[in-house]
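First the structure, in the form of structure tokens, and then the observations on it.
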Amino acid sequence: MSVVIEKASYADAEQILKLQQLAYRSEALRYNDFNIEPLTQTLEQIQQQFKDYNILKALADDQIVGSVRAIDHDGTCFIGKLMVHPDFQNKGIGKQLMNAIEGLYPNARFELFTGSQSDKNISLYENLGYKPFRERRITPDVSLIYLEKS
């Protein structure tokens, strides 16, 4: 299967939102919380992000099967919303998206976060050279792990 990574356009926002809702369902189930931001984000909010964020998409046969977005703030690139369609996971697409988004910020420090129980996500990020540096409890049952890479 051949996957192409390219810059997403404003016209892709609706497809990316649908993918986001599908891809983050497993996280909502893991934490028993369907009010997580990736599931409550609106189309208008994603459309707004095209103004400030670099948003990439992964295409397989002209279908968006993955996406990631990032924004630079004072030399730190904040990466978020790495997602891959459940049917396309464990095929290296997340890694390709991460490498591509990092390539847009050659001299940056990178920062991202994921849920503390999201072992596959943490493992992916650690394999890409990210190191945990902070944990933040957001509910009695849920903590976020912040990871960084220089």
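The values are calculated or read from the model by the stated rules, or taken from the named source; none is laboratory data. Keep in mind that what you see is a predicted model, and the values were worked out from it rather than measured. Here the Cβ is made from the backbone with ideal geometry for all residues, glycine too, and neighbour counts use every protein chain on show.
Based on what the data block shows, is Asn54 within 19 Å of Phe113 (Cβ to Cβ) and more than 13 Å from the chain's Cα centre (by Cα)? Considered against the rule, which asks whether it is within 19 Å of Phe113 (Cβ to Cβ) and more than 13 Å from the chain's Cα centre (by Cα), Asn54 comes out as no.
The residue that is nearest to Tyr31 (Cα to Cα), among those in region 115-147 that are modelled with pLDDT of 95 or more and among the polar types (S, T, N, Q), is Ser123.
Scanning region 10-31 for residues that are of a type in the set (Gly, Ala, Ser) and free of Cβ contacts under 8 Å to residues at least 12 places away in the same chain, we see that the one that is nearest to Thr42 (Cα to Cα) is Ala11. Taking the criterion of being among the hydrophobic types (A, V, I, L, M, F, W, C) and assigned to a strand (DSSP E or B), the residues of region 43-60 that qualify are Ile55, Leu56, Ala58, Leu59, Ala60.
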